[in-house]
Amino acid sequence: MSDYLLSVILGVVEGLTEFLPVSSTAHLRIAEALLHLDLGSAYWKMYTIVIQLGAILTLPIYFRERIAKFIGYERGNTSLILVPFKILKCLILAMLRRGPVQLTIIAFVVTALPTFLMTKIIGKHLESLTIIGSALLIGGIVMWFVDARNAKAEKAGEGLKDGVIQTWHMEDMSLGQAVWIGACQILSAVFPGTSRSMSTIAAGQLAGMSRASALEFSFFLSIPTMVVATCYDLLKSVVGKHADAISVARIDSHGWIVLGIGFVVSFVVAYGSVAWFMGYVRKRGFGPFAIYRIVLGVVVLYFVSRMG
């Protein structure tokens with residue numbers, strides 16, 4: 001198979017699954033097995049990081065108006081040169097006052113510190129299809145149960161004040177909810193296949209948040225989480241001392257084109273995925289994604305048992 005076609009396929013897989021609650025790590029690992037690839041080599045390991053960065057870029061662009069509102073940014077007559085400094089100032093001030101930005105950073109810190117300390121455990125689990133299949137299955141069952149539990153309240157809408165849903169808008173979430181969601185996000189780092197999106201959405205719903213508010217906070221929390229994680233991995237991949245590191249100087253023009261294709265495809269597909277997902281969930285919930293996870297988890301575990 002041509003490397004260019006392969007890059008398109010992997011870019012589509014990453015873009016489709018990064019923000020859906022089905023685990024992009026699991027799908028890339030499954031694609032690796034089905035296509036008989038070695039994504040663990042230095043170049044392809046860096047490639048998977050690059051296409052993830054393409055998907056991440058989707059969020060600040062898609063949510064640019066919401067982000068500007070949350071940090072209190074208004075361009076006004078500011079010159080183009082000074083815009084980045086004004087954005088940075090607004091962001092710092094937003095982090096210091098109670099609101100969605102501060103809660104996002106708090107949830108990120110709750111996730112980041114334990115995850116960093118457990119990097120060795122995480123590394124051991126990344127290649128295990130058994131763990132990936134189990135995480136897909138268990139995560140699907142949890143997601144189905146939580147969404148079904150909240151379905152009646154979702155149907156009743158915001159008029160229901162004493163039901164299982166207490167927070168209908170992300171702006172109204174509490175510090176406790178943010179800490180709880182950040183803690184649950186650790187599961188997705190330790191057990192590939194859990195899905196960062198699934199763990200944060202289900203955690204938010206369990207904490208009394210509506211589908212829409214839990215989903216939106218999941219997207220916002222993924223911005224610092226994924227930017228820091230992928231940039232750290234990319235740095236290790238490029239300048240690390242270990243055997244998996246690859247020098248940028250060693251990448252030829254063919255390699256750069258393959259990287260560029262994957263990055264662009266991942267970004268475009270992820271953008272469409274986020275736009276579709278936001279509208280779909282408000283109307284139909286997470287049930288179909290839970291069923292998909294359960295079926296895929298069973299299939300993966302079946303094939304793992306056959307290979308054993």
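The values are calculated or read from the model by the stated rules, or taken from the named source; none is laboratory data. Here the structure is a predicted model, which is why all the values come from computation and not from measurement. We place every Cβ from the backbone using ideal geometry, glycine too, and count neighbours over all the protein chains shown. We work out accessible area using only protein heavy atoms, side chains counted, and drop any ligands, DNA or RNA first. Shrake-Rupley method; radii C 1.70, N 1.55, O 1.52, S 1.80 Å.
Checking the conditions here, which among Ser188, Ser213, Ser222 is assigned to a helix (DSSP H, G or I) and open to solvent by 10 Å² or more (accessible area, probe 1.4 Å)?
Criteria check complete, one pass: Ser188.
Open to solvent by 60 Å² or more (accessible area, probe 1.4 Å), at pLDDT 90 or above and closer than 23 Å to Tyr232 by Cβ: does that describe Leu16?
no
Thr25 - would you say it is in contact (Cβ under 8 Å) with a residue 24 or more places away in the chain, in contact with a Gly (Cβ under 8 Å, 6 or more places away or on another chain), among the β-branched types (Val, Ile, Thr) and open to solvent by less than 70 Å² (accessible area, probe 1.4 Å)?
Yes; evaluated as a whole, the condition is true for this residue.
Where residues in segment 68-97 are closer than 22 Å to Val179 by Cα and free of Cβ contacts under 8 Å to residues at least 12 places away in the same chain, which of them is nearest to the chain's Cα centre (by Cα)?
Met95
Quick one: in segment 19-53, of everything that is in contact with a Pro (Cβ under 9 Å, 6 or more places away or on another chain) and under 19 Å from Val227 (Cα atoms), which residue is modelled with the highest pLDDT?
Ser23
Would you please name the residue that is nearest to Phe220 (Cα to Cα), looking only at residues in segment 263-297 that are surrounded by 14 or more Cβ atoms within 10 Å (Cβ to Cβ) and β-branched (Val, Ile, Thr)?
So, considering only residues that are surrounded by 14 or more Cβ atoms within 10 Å (Cβ to Cβ) and β-branched (Val, Ile, Thr), the one nearest to Phe220 (Cα to Cα) is Val274.
Return only the number of the condition from (1) part of a helix (DSSP H, G or I); (2) without any contact (Cβ under 8 Å) to a residue 12 or more places away in the chain that Leu39 does not satisfy.
(1)
Would you point out which residue out of Ile106, Ile67, Ile30 is buried (at least 18 other Cβ atoms within 10 Å of the Cβ) and under 21 Å from Ser218 (Cβ atoms)?
From the options Ile106, Ile67, Ile30, the qualifying one is Ile67.
With the structure loaded, tell me whether Ile49 is in contact (Cβ under 8 Å) with a residue 60 or more places away in the chain, exposed (fewer than 13 other Cβ atoms within 10 Å of the Cβ) and among the β-branched types (Val, Ile, Thr) or whether it fails that test.
The answer is no for Ile49.
Within segment 170-200, can you find the residues that are of a type in the set (A, V, I, L, M) and over 17 Å from Ile105 (Cα atoms)?
Scanning segment 170-200 gives Leu187, Ala189, Val190, Met198.
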